[in-house]
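Q: Dumping the structure here so I can ask a few things about it.
The values are calculated or read from the model by the stated rules, or taken from the named source; none is laboratory data. This is a predicted model, so every value here is computed, not measured. Glycine gets a Cβ as well: all are built from the backbone with ideal geometry, and neighbour counts include every protein chain shown.
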């Protein structure tokens, strides 16, 4: 028997007199009735608070990693709160620009940027391009030779540091598709090549060791490993990337953005790094700001085995459990503080046995068909990694604040599923 850990809910979460959940001053039940389910509900105050924490920790060069969650409203919000935006594809670049974010407040990432993406970024005047390979340097040379201005770039360095996270979330080890290896000498060769030419303005270095990292000493080790290389160049900027972990389930805790920033900057100063230190938090900005709300459609009890609770979403709106075995909690918005005294498996509606949202979920024993069921901490990599598998329309997204709800991404319709058919 357990109760839902309240720290997993968004900042403004409160309970009504009858024990049901409110976020941003709006009851989740009312939101579900108005906008339907599945539904992503984001606490706008929570989002703004984390953006402000990031700016306070790292200064106005800190960039929100849009891969975690991006729509025009989110781009506008991060920019309004003083953040740059890190975009990794032409699509993310397009959305950020369409939201009114100036090009010089954008950072372009990607291990395989096309010539078209690079040209579009340069045309938009992006503030920094994080270069990732020698082939990319060739492409930028050709683009600039054809008449475009030389962009400012950071060299992405692979420091060879194991962040001790999931294999698919580790990016800083030697065996990685990302960056120029430090130990192999490729990082030095990339810097020397850029410095010898005129098609790029080298303004700094970048290193990202992985995602969902709880141990801040992993970032300290990365800084220590990089320090001799960084100090030998004495470039204006060093970005430590993102990757700060967040708590998803009971018993987990994670450093705050302020704690992370303090450790990283102190490690840089101790190592003699004089560069401006920037970062690219994504998950830490948005994950805890949202819950996903579903409707229970089927409850299947298999005596001696388990109980399955099927909801109207699944791996199409949260593929992380399938991809990484990620854990989540579950609760009923009508009874947030209730004892969760039975174990069930919360599954989606897709034609896959692996379509599992919460493998071993604790829920109240009186759960029934038609109940709303919610999973907290779904603001990162749910909406953004979602799909139309089984041609299920994508959910709507609402931002709530001060008693008001605004639709920022409408629910897809069945006709939307046909729009690209030729």
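Q: Of these, 26, 95, 62, which one is assigned by TED's automatic domain parsing to the domain that holds residue 262, surrounded by fewer than 23 Cβ atoms within 10 Å (Cβ to Cβ) and in contact (Cβ under 8 Å) with a residue 24 or more places away in the chain?
A: Details: 26 fails: assigned by TED's automatic domain parsing to the domain that holds residue 262; 62 fails: surrounded by fewer than 23 Cβ atoms within 10 Å (Cβ to Cβ).
That would be 95, the only listed residue that is assigned by TED's automatic domain parsing to the domain that holds residue 262, surrounded by fewer than 23 Cβ atoms within 10 Å (Cβ to Cβ) and in contact (Cβ under 8 Å) with a residue 24 or more places away in the chain.
Q: Just need a number here: residues in region 303-328 that are surrounded by 19 or more Cβ atoms within 10 Å (Cβ to Cβ), touching a strand residue (DSSP E or B) at 6+ places or on another chain (Cβ under 6 Å) and over 18 Å from residue 32 (Cβ atoms).
A: Total meeting the criteria: 2.
Q: Follow-up. Give me the pairs: first residue in region 411-422 and assigned by TED's automatic domain parsing to the domain that holds residue 32, second residue surrounded by 13 or more Cβ atoms within 10 Å (Cβ to Cβ), beta-carbon distance under 6 Å, and six or more apart or on different chains, which are they?
A: Correct list of pairs: 411/396; 412/393; 412/394.
Q: Could you please give the count of residues in region 351-372 that are part of a loop (DSSP other than H, G, I, E, B) and over 17 Å from residue 325 (Cα atoms)?
A: Matching residues across region 351-372 total 9.
Q: Mind counting the residues in region 181-229 that are free of Cβ contacts under 8 Å to residues at least 60 places away in the same chain, part of a helix (DSSP H, G or I) and within 25 Å of the chain's Cα centre (by Cα)?
A: 6
Q: Here's something else I'd like to know. Does residue 34 fit the bill of being at pLDDT 95 or above, surrounded by fewer than 23 Cβ atoms within 10 Å (Cβ to Cβ) and under 17 Å from residue 404 (Cα atoms)?
A: So residue 34 passes the test.
Q: Any chance region 260-272 includes a residue that's under 17 Å from the mean Cα position of the chain (by Cα), assigned by TED's automatic domain parsing to the domain that holds residue 49 and farther than 30 Å from residue 371 by Cα? It would help to see each step written out before you state the result.
A: Looking only at region 260-272, we keep the residues that are under 17 Å from the mean Cα position of the chain (by Cα), and these are 260.
Next, from what is left, pick out any that are assigned by TED's automatic domain parsing to the domain that holds residue 49: 260.
Filter again for farther than 30 Å from residue 371 by Cα, leaving 260.
Yes, region 260-272 contains at least one residue that is under 17 Å from the mean Cα position of the chain (by Cα), assigned by TED's automatic domain parsing to the domain that holds residue 49 and farther than 30 Å from residue 371 by Cα.
Q: Being at pLDDT 95 or above, out of contact with any strand residue (DSSP E or B) (no Cβ under 8 Å at 6 or more places or on another chain) and crowded, with 16+ Cβ neighbours inside 10 Å is the filter here, so list the residues in region 194-219 that pass it.
A: Residue satisfying the conditions is 199 alone.
Q: For residue 229, which of the numbered conditions (1) in contact with a helix residue (DSSP H, G or I) (Cβ under 6 Å, 6 or more places away or on another chain); (2) more than 29 Å from residue 342 (Cβ to Cβ); (3) buried (at least 16 other Cβ atoms within 10 Å of the Cβ) fails to hold?
A: (1)
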